[in-house]
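Please read the structure below before turning to the comments.
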Amino acid sequence: MPQATVLDICCSYGINAALLNHHVTLQELYDHYTSPQVATLTTAELIEEDRGYYGARRRTDAVPVIGLDISAPAIAYARAVGLLDDGFAENLETAPPSPALYQATRDTRLITVTGGATFLSARTFRALLKGRQEPPWVAALVLRTVLYKDTSDGLAEFGLTTQKDTSRTYPQRRFTDTDEQRYAIAAVSAAGDDPRGKETDGYFHTALHLSRPLAHAAAHPLHTLLQDT
């Protein structure tokens, strides 16, 4: 049976693929890319450095990852160092997928979005899922300031039901200023969520939304999938 392929939307430089397929932590990546020896490298030198860095840490159970992002340089880097098996610099909010992208993602089993849901609508997912016999699962970390209903309604058209994990949140980044923080606290409160200890502490937070076929969602509730994570 072929390995399940992951499509990472808004993949940027392939950090999700790095974490998924390599023995590294996010803190180790922070340390790597802020180290003095890396900070002085040219792009070509960094690519060469990272080929060795990730090659030495590659997991034996690594899965194929395809990246999608509007940034061509980010895609090029991630492909050059071996983080992505394939990558496409396309914006499906403004144009349909190229034949090459549609073909490359036809066997995708999981779509991930960890930071780009703010910029996406159901349009992107409809373009990717149209004509698929078995739509992939979609796992998205969505800012708590963002309404995900448009996207979840679009995924429902393909037989996917969306469940939100209400047991935990995930910090994304610090606020740039007090105005941004005030906006986030108001938006989270308006959505019926509690900003205390999260947005009030100075960070945007995300929540996991998992979309999958109704039968699987009924048989395997979301909390049972997350209980060991």
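Readers should treat all values here as calculations from the given coordinates under stated rules, not as data from a laboratory. Computed from a prediction, not measured in an experiment: that's the story for all the values here. In this analysis, Cβ positions are derived from the backbone assuming ideal geometry, glycine residues included, and neighbour counts consider all displayed protein chains.
Apply the Karplus parameterisation 6.51 cos²θ - 1.76 cosθ + 1.60, with θ equal to phi minus 60°, to every residue of segment 68-79 and state each ³J(HN,Hα) to the nearest whole Hz, in sequence, with x for glycine and proline.
After applying 6.51 cos²θ - 1.76 cosθ + 1.60, I find 10, 7, 7, 8, 5, x, 5, 4, 4, 4, 4, 6 Hz.
Along the charge dipole of segment 110-199, pointing to its positive end and built from +1/-1 on Cβ of Lys, Arg, Asp and Glu, which listed residue (Thr166, Leu143, Gly131) has its Cα farthest out?
Positive-end residue among those listed: Gly131.
Would you kindly derive the ³J(HN,Hα) couplings of segment 115-121 from the backbone phi angles with the Karplus curve 6.51 cos²θ - 1.76 cosθ + 1.60 (θ = phi - 60°), listing them in order in whole Hz, with x for Gly and Pro?
Calculated HN-Hα couplings, in order: x, x, 4, 4, 9, 10, 10 Hz.
Hey, can you grab everything whose amide H is under 5 Å from the amide H of Gly87? Only 5+ residues off in sequence or another chain; H modelled, so Pro and N-termini drop out.
Counting only residues 5 or more places away or on other chains, the set is Gly67.
Once amide H atoms are placed 1.01 Å from N in the peptide plane, what residues at a sequence separation of 5 or more from Thr161, or on another chain, have their amide H within under 5 Å of its amide H?
Long-range HN contacts for Thr161: Arg212, Leu214.
What's the exposure ranking of Val113, Val142, going from fewest to most Cβ atoms within 10 Å?
Lowest count first: Val142, Val113.
Could you give the dipole magnitude of the chain about its Cα centre, charging the beta-carbon of Lys and Arg +1 and that of Asp and Glu -1, in debye to the nearest 20?
520
log₁₀ I(q)/I(0) of the chain at q = 0.11 Å⁻¹, via Debye over equal Cα point scatterers, no solvent, to two decimals?
Ignoring solvent entirely, the Cα scatterers give -0.62.
Could you compute how fast segment 139-229 diffuses translationally, taking Rh as the Kirkwood radius over C-alpha pairs and applying Stokes-Einstein at 4 °C with viscosity 1.567 mPa s? Give it in µm² per second.
Roughly 92 µm²/s, to the nearest whole number.
Can you list residues from other chains, or at least 5 along the same chain, whose modelled amide H is less than 5 Å from the amide H of Gly115?
Leu141
Under 10 Å, Cα contacts only: if you run a Gaussian network model on the chain, which one of Val188, Val38, Val138 comes out with the highest mean-square fluctuation?
Sorting by GNM fluctuation, first place goes to Val38.
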